[in-house]
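Student: Below is the structure I would like to discuss, written out as structure tokens.
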Amino acid sequence: MSKVVDEVISANADYVANFGDKSDLPMPPGRQFAILTCMDARLDPAKYAGLAEGDAHVIRNAGGRASDDAIRSLVISYKLLGTKEWFVIHHTDCGMETFTNEIMGDLLSGSLKTASVDASGWHDSNAGGGTTDGKFINWLTISDNARSVVEDVERIRNNAMVPSDIPIYGYIYDCKTGKLVEIPQATAAGKAS
């Protein structure tokens, strides 16, 4: 096994030893809200939003974007598990701001190996062969962080499966300070009616 697997299994053993009454937590989130945010390892929604296990649903993907799958999860969160408010939280210094659909498609065409980046941009090893499949995907990259939050809130709000009485708030997490900064245009777009 790898060192990472050993570390995860060891940490899980410690967690199990102190699991306590967590098995009694109900399936619906106790605080009845959901967060859609980025998978970036620097973000800890439990800490920046004051969550404990069982409090809220946290949906994560690259960029915290309102993809079809993220909307699917939010609708399940509401329809079957009773959430009443949603947050869309992007963040500063997001990797999704560093490339475009075209760049990603080209990198994957070169190879499936991990790419590298420097001041002049992204580079691929072109080792081992690639695929053109990446040229047919919308990678939901970000060129304007605040605008992307607004777009995602609007996309969720305008989805026919989303009830109009769910407020959707838009924020950007500041990676330098830990502060959640509201994007008023996004929150206005997500206002419940």
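Student: Of everything in the stretch 15-46 that's within 11 Å of the chain's Cα centre (by Cα) and β-branched (V, I, T), which residue is nearest to D165 (Cα to Cα)?
Tutor: I35
Student: Considering only the stretch 21-32, I want to know if a residue exists there that is in contact (Cβ under 8 Å) with a residue 12 or more places away in the chain, touching a helix residue (DSSP H, G or I) at 6+ places or on another chain (Cβ under 6 Å) and open to solvent by less than 30 Å² (accessible area, probe 1.4 Å).
Tutor: No: the stretch 21-32 contains no residue that is in contact (Cβ under 8 Å) with a residue 12 or more places away in the chain, touching a helix residue (DSSP H, G or I) at 6+ places or on another chain (Cβ under 6 Å) and open to solvent by less than 30 Å² (accessible area, probe 1.4 Å).
Student: Looking only at the stretch 1-47, count every residue that is aromatic (F, W, Y) and in contact with a strand residue (DSSP E or B) (Cβ under 6 Å, 6 or more places away or on another chain) and tell me the total.
Tutor: Matching residues across the stretch 1-47 total 1.
Student: Considering each residue of the stretch 34-45, count those that are of a type in the set (A, V, I, L, M, F, W, C), surrounded by fewer than 19 Cβ atoms within 10 Å (Cβ to Cβ) and in contact (Cβ under 8 Å) with a residue 12 or more places away in the chain, and give that number.
Tutor: 1
Student: Continuing with the same structure: Quick one: which residue in G134, G82, G95, G63 is modelled with pLDDT of 95 or more and touching a strand residue (DSSP E or B) at 6+ places or on another chain (Cβ under 6 Å)? Step through it out loud before you land on a result.
Tutor: Numbers: G134 fails: touching a strand residue (DSSP E or B) at 6+ places or on another chain (Cβ under 6 Å); G82 fails: touching a strand residue (DSSP E or B) at 6+ places or on another chain (Cβ under 6 Å); G95 fails: touching a strand residue (DSSP E or B) at 6+ places or on another chain (Cβ under 6 Å).
After ruling out the rest, the residue left standing is G63.
Student: Find the residue count for the stretch 157-185, including only residues that are closer than 12 Å to Y48 by Cβ and of a type outside the set (V, I, T).
Tutor: Result for the stretch 157-185: 7.
Student: If I filter the stretch 82-97 down to residues being open to solvent by 10 Å² or more (accessible area, probe 1.4 Å) and not charged (D, E, K, R), which single residue comes out as nearest to V181 (Cα to Cα)?
Tutor: Step by step, filter the stretch 82-97, then rank; the result is T92.
Student: If you check every pair at least six apart or on different chains, which have Cβ atoms under 7 Å apart with a residue in the stretch 131-145 that is closer than 14 Å to C38 by Cα first and a residue that is of a type in the set (K, R) second?
Tutor: Pairs that qualify, where the first residue is closer than 14 Å to C38 by Cα and the partner is of a type in the set (K, R), are L140/R65.
The values are calculated or read from the model by the stated rules, or taken from the named source; none is laboratory data. Not measured: the values here are computed from a predicted model. Neighbour counts are summed over all protein chains in view; Cβ atoms, including those assigned to glycine, are modelled from backbone coordinates with ideal geometry. When the accessible area is computed, the model is the full protein with side chains, heavy atoms only, and any ligands, DNA or RNA have been set aside. Shrake-Rupley method; radii C 1.70, N 1.55, O 1.52, S 1.80 Å.
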